[in-house]
1. What number goes with the only condition from (1) of a type outside the set (Gly, Ala, Ser); (2) in a helix (DSSP H, G or I); (3) more than 9 Å from the chain's Cα centre (by Cα); (4) crowded, with 20+ Cβ neighbours inside 10 Å that Trp99 does not pass?
2. Spot the failing condition for Ala116; the list is (1) crowded, with 16+ Cβ neighbours inside 10 Å; (2) among the aliphatic types (A, V, I, L, M); (3) not in a helix (DSSP H, G or I), and only one is missed.
3. When you scan the range 80-99, do you find a residue that is touching a Phe, Trp or Tyr at 6+ places or on another chain (Cβ under 8 Å), small (Gly, Ala, Ser) and touching a residue at least 60 places away in the same chain (Cβ under 8 Å), even just one?
4. Is it the case, given these coordinates, that Pro24 is at pLDDT below 85 and surrounded by 13 or more Cβ atoms within 10 Å (Cβ to Cβ)?
5. Residues in the range 106-113: is at least one within 18 Å of the chain's Cα centre (by Cα), outside any helix (DSSP H, G or I) and over 15 Å from Pro59 (Cβ atoms)?
6. Can you tell me which of Ala93, Ala64, Ala120 is among the small types (Gly, Ala, Ser) and closer than 26 Å to Val29 by Cβ?
7. Every residue in the range 61-96 that is of a type in the set (Phe, Trp, Tyr) and in a helix (DSSP H, G or I), please.
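The values are calculated or read from the model by the stated rules, or taken from the named source; none is laboratory data. Just so it is clear, the model here is predicted, and its values are computed rather than measured. Cβ placement follows ideal geometry from the backbone for every residue including glycine, while neighbour counts extend to all protein chains displayed.
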Amino acid sequence: MPSRLRDVDLENSLANPNSSGETPYAEKVRRILVVLLGSAVAALSSVIVGEYELVGATPYLAGAILGGLLGELFLGLGRWRGVVPGAIAAVLAAGSMYWSGRVNSNFGIDPYPAGAYIGAGVASLVALVRVWRASRH
């Protein structure tokens with residue numbers, strides 16, 4: 001019996017699209033996929049940014065670009081706005097910058113660059129503000 005209820009709920013969700021014309025099921029799948037894609041982008045960018053010295057303006061620029069990229073990913077592909085996706089994008093962006101510092105320090109052999117902390121703060125702030133502010137307009 002529970003499986004029939006689940007089938008009925010799935011049929012109802014597929015039959016009743018929301019205001020954007022998308023079904024609730026498709027919206028949930030889109031959100032899951034954008035989080036997975038955002039994680040992959042954050043992992044790849046941390047390796048790329050980690051190859052550069054995080055001194056001077058580099059951490060500020062890398063953090064702003066990374067935060068903006070992840071924010072736009074959530075807004076454009078995920079069509080997901082608000083505080084929750086902003087927080088997820090901010091955590092991914094900050095984690096990416098922290099990991100780039102780890103890559104930059106040769107995984108603990110060299111000193112950890114202070115610029116990675118600065119870049120993480122900038123990246124998380126840009127991602128959070130970009131996604132959250134889009135929900136207010």
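1. (4)
2. (3)
3. Scanning the range 80-99 turns up no residue that is touching a Phe, Trp or Tyr at 6+ places or on another chain (Cβ under 8 Å), small (Gly, Ala, Ser) and touching a residue at least 60 places away in the same chain (Cβ under 8 Å).
4. When the stated conditions are applied, Pro24 passes them.
5. No, the range 106-113 has no match at all.
6. Testing whether each residue is among the small types (Gly, Ala, Ser) and closer than 26 Å to Val29 by Cβ leaves just Ala93.
7. Passing the criteria: only Phe74.
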